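*Asks:* Got a structure for you, questions after.
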Amino acid sequence: MAVLPYKNQEQSKKQQVADMFNNISKRYDFLNHFLSLGIDILWRKKAIKQLKAHQPKLILDIATGTGDLAIEALKLNPEKIIGVDISEGMLEVGRKKMIELGVEDQVEMRLGDSEQLLFEDNKFDAVIVAFGVRNFENLEKGLADMRRVLKDGGKLVVLEFSKPTKFPMKQLYGFYFKAILPLIGKLVSSDNAAYTYLPESVAEFPYGQQFLDVLEKTGYKNTQCKPLTFGISSIYTALK
C-alpha cells in the first residue's frame, strides 16, 4: 500500500503530494536546511560533483521544487537546465530565486509530471533529482521515463534519503525522524501531515542495493550507490 500524506483523502498519491508541497512551499527551504542542520546543502554539492567529468550541456532536474539542485548544477556551466515539478507553489518560489540570482534564462522551471515527461526521446545529457523519487506514484514508471529522455551515454544522478544501519546512528536517526522532525515541521509549516509523511515515505523507500536493482530493472547500466553521513542519504548514479 502506498504511503500517502493525507490518509483520510481519496485523491491519488500524485495529487496529494502536489497539494502537500503547495501547502508548505513558502516555508520549505527554511525547514529543509533547518531540519537537516544544513547538511542537505553539502549533499547537493556532492551529488552535482558526480557530473563534473561528464560536463552535461542540457540538464533535466526532476522534482525540482524550489530549484536548489538546479542552482548547484549551474557550477557545471551547462547551456540550459530545465526543472520540472508537480507543485506550482514550489515552482513559484523557485522562479523568484532564479530572478534574484539573475539566472532565469539558464534555469527554466516548468509545471509537469515527472512520470509522464513532455520531452522527446534522447534529449538530455544528464537527469538529476534530489529527494523526489521517493514521492513518485509509480517508481519504475518514473525512472523509465527519465531514462527515455536521456541521451545514450547520458548520466542519471539521484540524491535520496536512506536509512543508517549501524549503532548508534540507526537509533538516533529513528528517534529524530519519528519524534523530533514531525513536531518541528508541524509547528513551523502548519501542515500536520507533511513531516509525518516524510519519515513514513523514507521507511518504505527501497534504498541501497534495492534501489540499484530497480534502476537495473528499468534498463540503467553502471549503477552505483554512495552513502552519505552515516547512511542518512545516498547518491545513486547510473548510465543509459
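*Asks:* Of all GluC sites (Glu not before Pro) in the range 1-88, which ones are in loop regions per DSSP and have a Cβ with at most 15 other Cβ atoms within 10 Å?
*Replies:* GLU10, GLU79
*Asks:* Test of understanding: what is the full-extension gain from ASP121 to MET169, defined as 0.36 nm times their sequence separation minus their Cα-Cα distance?
*Replies:* So the chain would gain 13.1 nm between ASP121 and MET169.
*Asks:* Assuming 0.36 nm per residue, please report the length gained on full extension of the stretch VAL188 to LEU111 beyond their Cα-Cα distance.
*Replies:* Full extension from VAL188 to LEU111 adds 25.1 nm.
*Asks:* So how many Å³ per residue does the convex hull of the Cα atoms of the range 56-119 work out to?
*Replies:* Measuring per residue, one finds 70 Å³ for the Cα hull of the range 56-119.
*Asks:* Want the number for ASP213 to LYS45: 0.36 nm per residue separation, take away the alpha-carbon distance, what's left?
*Replies:* Difference between extended and current length: 58.0 nm.
*Asks:* What's the whole-number percent of alpha carbon pairs in the range 1-106 lying beyond 24 angstrom?
*Replies:* Here the tail beyond 24 Å accounts for 30 percent of pairs.
*Asks:* Give me the log10 of I(q) over I(0) for the range 160-216 at q = 0.15, 0.17 Å⁻¹, as the Debye formula computes it from C-alpha points; what are the numbers?
*Replies:* -0.51, -0.62
*Asks:* What number of lysine-lysine pairs in the range 131-192 show an alpha-carbon separation below 22 angstrom, given a sequence spacing of 8 or more or placement on distinct chains?
*Replies:* 6
*Asks:* Still on this model: When all alpha-carbon pairs of the range 1-51 are counted, what percent fall beyond 13 Å?
*Replies:* In whole percent, the share of Cα-Cα pairs in the range 1-51 beyond 13 Å is 67.
*Asks:* Hey, could you grab the Kirkwood Rh for the chain? Inverse mean 1/r over distinct alpha carbon pairs, Å, one decimal.
*Replies:* Averaging 1/r across every pair of different Cα atoms and inverting gives 18.0 Å.
*Asks:* Report the trypsin sites (Lys or Arg not before Pro) located in the range 141-179 that are in a DSSP loop and have at most 13 other Cβ atoms inside 10 Å of their Cβ, or state none.
*Replies:* Hits after loop and neighbour filter: LYS166.
*Asks:* Could you work out the helix-only [θ] at 222 nm for the chain, with each DSSP H run of four or more residues adding -39,500 (n - 2.57) and the total divided by the number of residues, to the nearest 500 deg cm²/dmol?
*Replies:* Taken over the chain, the calculation gives -13000 deg cm²/dmol.
*Asks:* Report the relative contact order of the chain, percent, no decimals, based on alpha-carbon pairs under 8 angstrom and at least 6 residues apart.
*Replies:* 20 percent
*Asks:* List, in order, the whole-Hz ³J(HN,Hα) value for each residue of the range 146-157 obtained from phi through the Karplus relation with A = 6.51, B = -1.76, C = 1.60 and θ = phi - 60°; use x for Gly and Pro.
*Replies:* Ordered by residue, 3J(HN,Hα) equals 5, 5, 4, 7, 6, 6, 4, x, x, 10, 9, 10 Hz.
*Asks:* Turning to a different aspect of this structure: Count the lysine pairs in the range 1-99 whose Cα atoms lie under 17 Å apart, taking only pairs 8 or more positions apart in sequence or on different chains.
*Replies:* Taking the range 1-99 as the scope, the lysine pair count is 12.
*Asks:* How high is the relative contact order of the range 42-181, in percent, counting Cα pairs under 8 Å that sit 6 or more residues apart?
*Replies:* After rounding, I find 24 percent.
*Asks:* Just in the range 1-71: which trypsin sites (Lys or Arg not before Pro) are loop by DSSP and have at most 11 other Cβ atoms within 10 Å?
*Replies:* Those that pass, being in a loop and sparsely packed, are LYS7, LYS52.
*Asks:* What Kirkwood radius, in Å to one decimal, follows from the Cα pairs of the range 191-240?
*Replies:* 12.2 Å
*Asks:* What number does the range 109-240 give for Rg over Rh if you use C-alpha atoms and the Kirkwood radius?
*Replies:* 1.01
*Asks:* Give the dimensionless ratio obtained when the Cα radius of gyration of the range 81-148 is divided by 2.2 N^0.38 Å.
*Replies:* Dividing the Cα radius of gyration by 2.2 N^0.38 Å gives 1.15.
Here, each number is a calculation from the coordinates, and none is a lab measurement. The structure displayed is predicted, hence computed values, not measured ones. Quick reminder, even Gly has a Cβ in these numbers, built from the backbone with ideal geometry, and neighbours come from all protein chains shown.
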